[in-house]
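Structure first, commentary second.
The values are calculated or read from the model by the stated rules, or taken from the named source; none is laboratory data. This structure is a prediction, so every number in the text was calculated from the model and none was measured. Positions of Cβ are generated from backbone atoms using ideal geometry, with glycine treated the same way; all protein chains shown enter the neighbour counts. Areas reflect the complete protein model, heavy atoms only, side chains present, ligands, DNA and RNA absent. Shrake-Rupley method; radii C 1.70, N 1.55, O 1.52, S 1.80 Å.
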Amino acid sequence: MIFKNTCCSFLRLYLILVACLVFQRCAYANHTSTLVVDASGSSGRPIPETLFGIFFEEINHAGAGGLWAELVNNRGFEAGGTRVPSNIEPWTIVGQESEIFIETQRSSCFEHNKVALKMDVLCDNCHDGVGISNPGFWGMNIVQGKKYKVVFFVRSKAPIDMKVSFRKTEGGGILASSNIKASASEVSKWKRMETTLVADASSSKSSLYLTTTKKGVIWLDQVSAMPLDTFKGHGFRSDLVNMLLVLKPAFFRFPGGCFIEGQTLRNAFRWKDSVGPWEQRPGHFGDVWSYWTDDGLGYFEGLQLAEDIGAKPLWVFNNGISHTDEVDTSVITPFVQDALDGIEFARGTATSTWGSLRASMGHPKPFDLKYVAVGNEDCGKKNYLGNYLAFYKAIKHAYPDIQIISNCDASAKPLDHPADLYDYHTYLHEYQHMFNNAHAFDKTPRDGPKAFVSEYALIGDKEAKLGTLLGAVSEAGFLIGLERNSDHVIMASYAPLFVNANDRKWNPDAIVFNSDQAYGTPSYWVQFMFKESNGATFLKSQLRTPDPNSVVASAILWENSHNKRSYLRIKVANVGDYQVNLNILLDGIESSNLSKATKTVLTSANALDENNFANPKKIVPKRSPLESPGKEINVILPPISLTVFDLLKTQ
């Protein structure tokens, strides 16, 4: 009997709790929030022009096989190592073993990449030709009517007669071809060959073939194939750069990330090995993300891309520390000098030692390098502080205007060393934590170095997956918090920026691509909806809501660069799974001063919805007119959504 009464009591308690939860959910489902905005601008403050930018790291084959338009994978045959004979993957042999023998040798004419390929052709009048082929990065995208420049270096004791062609991976159909002939005297020493192929047909799964039907021995090295329609002719894949331009990034942080550290210092990124003629660059194995890069997208190219997209370059360099080993501060001087040389390469005159190398690469005018980061995520390691101080002192002495970024987080406690900015990384696995991280800088003292949120994202297989709406909206809430704290946070960038769908080392990412397609994840589109914040005026506003853990808002005044007209922009992120009735009250402005209002919404039917190649625009911002804008606006916010209101100010 006692047991029965106890069970009944538990049942009644359970039903009461369920009823309370249902009542609370229903209350939220019908709740009204009110946003009061001082639209006069009198209480506003300027947002830094640098607030939102982008961060590029060589991860997920973001550069090699992605942003950098080089089609050939392992173009110098160096990826297999310097001990020969070595593996030449992904190159493959064309022909039978009885017809051709392939091996690598250290016989190249290039000092820093000595490995070359020896091709011993054993047959004469070989049927259909024998040689080698390269599939690029999971297939070369060859497009009908487009032109491709193929360059390679060759040596032979006899005349050569070679065919250079693009062929379909399946079926072997020829898409474009050209014949290369040379006398024995012409190729008795290493000679550069170049041809332009025009595609007669298209295939996104193609390979480059170098073949011959003539018996003899041929040495090959540094084989390159590049489309001629790269962005501004600078070697970048145009469709991917155009997706960056849409974001209007204020800065471009590069080249890493863990990529610049290396798992060991032996495999850290060395900027001096990534400049000068492409064929002379040794390339290196990025042991953190486990793939070879020819470093075609090197230090110079990073600076060039920043300039091309109108962003300020922000260079991250190695400070003598990798993931597993460190240089002692007592012998850090060569690394310090290397950093100084790198700054001179970017900023020095065309007659300076390293500035002259930049000029020889086609850019006599200095780049506008004003920001450098001393290492990546190295704070707390044994030698970081000592090494950092050595870099700081030397750089400030030579370049007083350079803004130096420390790896150490000062959001909770002050730094124990000088810095202009400090680096703050936040990767979170729960959407509510990311959304609430909007308050991370609310109480940070304003009298120290400024904050640079250089890496942020919601990650994890449960809520973020490959890039969900829920993850993006939680990040939007975080960004609204950064806007509110932009008197202290002056830079922020999502990470990672790119992922080749064939090599997902990290998920999610902002832009997904393969050889011929690309799309933005919802996180990419959130960044798009914040692109007008740089240099805008942050307006004082107050949000009254029954659920502050689900709804956040901000208001800015921004100027359209095309028509030079001013707009009032209100952004509201709703991470709750219910709609919100929002009442917007505009103070300090008359209804007659507002016109042409629009509403842009990022949402979907399911919180975990994602974009993909089959449906790349499933979740994109959708814009519509906002009828009768005035001092009071009543709207409904969809569940799991980011909504942006733009109102043209007529005066």
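So here's what we get for this one:
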quantity	calculated
Residue identified as open to solvent by 70 Å² or more (accessible area, probe 1.4 Å), modelled with pLDDT of 95 or more, of a type in the set (Ser, Thr, Tyr) and assigned to a helix (DSSP H, G or I) among Ser330, Ser356	Ser330
Residue match in the stretch 479-496 (condition: modelled with pLDDT of 95 or more, of a type in the set (D, E, K, R), surrounded by fewer than 24 Cβ atoms within 10 Å (Cβ to Cβ) and not in a loop (DSSP other than H, G, I, E, B))	yes
Within the stretch 625-651, tally of residues that are within 30 Å of the chain's Cα centre (by Cα), over 14 Å from Lys571 (Cβ atoms) and among the small types (Gly, Ala, Ser)	0
One residue from Lys149, Lys191, Lys168, Lys114 being in contact with a strand residue (DSSP E or B) (Cβ under 8 Å, 6 or more places away or on another chain), farther than 23 Å from Asn73 by Cβ and modelled with pLDDT of 95 or more	Lys191
Residue identified as over 24 Å from Met491 (Cα atoms), of a type outside the set (A, V, I, L, M) and free of Cβ contacts under 8 Å to residues at least 60 places away in the same chain among Pro414, Pro364, Pro418	Pro364
Some residue of the stretch 128-136 being part of a loop (DSSP other than H, G, I, E, B) and under 32 Å from the mean Cα position of the chain (by Cα)	yes
Close pairs from the stretch 492-512: first touching a residue at least 24 places away in the same chain (Cβ under 8 Å), partner open to solvent by less than 10 Å² (accessible area, probe 1.4 Å) and basic (Lys, Arg), Cβ under 7 Å, at least 6 apart	Ser493/Arg253
Residue list for the stretch 383-393, filter: over 23 Å from Ser411 (Cβ atoms) and within 30 Å of the chain's Cα centre (by Cα)	Asn383, Ala390
Any hit, the stretch 191-205, residues being farther than 21 Å from Gly296 by Cα, among the basic types (Lys, Arg), in contact with a Phe, Trp or Tyr (Cβ under 9 Å, 6 or more places away or on another chain) and open to solvent by less than 50 Å² (accessible area, probe 1.4 Å)	no
Residue selected from the stretch 604-632 under the condition in a loop (DSSP other than H, G, I, E, B) and of a type in the set (Ser, Thr, Tyr), by the criterion most open to solvent (accessible area, probe 1.4 Å)	Ser628
Residue identified as open to solvent by less than 20 Å² (accessible area, probe 1.4 Å), in contact with a His (Cβ under 9 Å, 6 or more places away or on another chain) and of a type in the set (S, T, N, Q) among Thr264, Thr293	Thr293
Selection count where residues are open to solvent by 10 Å² or more (accessible area, probe 1.4 Å) and under 11 Å from Ser207 (Cα atoms), scope the stretch 153-189	7
In the stretch 514-568, the residues that are among the basic types (Lys, Arg) and more than 27 Å from the chain's Cα centre (by Cα)	Lys540, Arg544, Lys564, Arg565
Verdict on Glu111 being assigned to a loop (DSSP other than H, G, I, E, B), among the acidic types (Asp, Glu) and open to solvent by less than 20 Å² (accessible area, probe 1.4 Å)	no
Of residues in the stretch 535-547 being in contact with a strand residue (DSSP E or B) (Cβ under 6 Å, 6 or more places away or on another chain) and either in a loop (DSSP other than H, G, I, E, B) or over 17 Å from Leu482 (Cβ atoms) (or both), the one most open to solvent (accessible area, probe 1.4 Å)	Lys540
Pairs, first farther than 11 Å from Leu197 by Cα in the stretch 163-175, second among the aliphatic types (A, V, I, L, M) and open to solvent by 30 Å² or more (accessible area, probe 1.4 Å), C-beta under 8 Å, six or more apart	Arg167/Ile174; Gly173/Ala201
Options Asp461, Asp401, Asp423: the member that is at pLDDT 95 or above, under 28 Å from Arg45 (Cα atoms) and open to solvent by 30 Å² or more (accessible area, probe 1.4 Å)	Asp401
Residue in the stretch 61-82 that is of a type in the set (D, E, K, R) and open to solvent by 30 Å² or more (accessible area, probe 1.4 Å) present	no
Residue that is nearest to Asn549 (Cα to Cα) [pool: residues in the stretch 610-634 that are modelled with pLDDT under 95 and aliphatic (A, V, I, L, M)]	Ile633
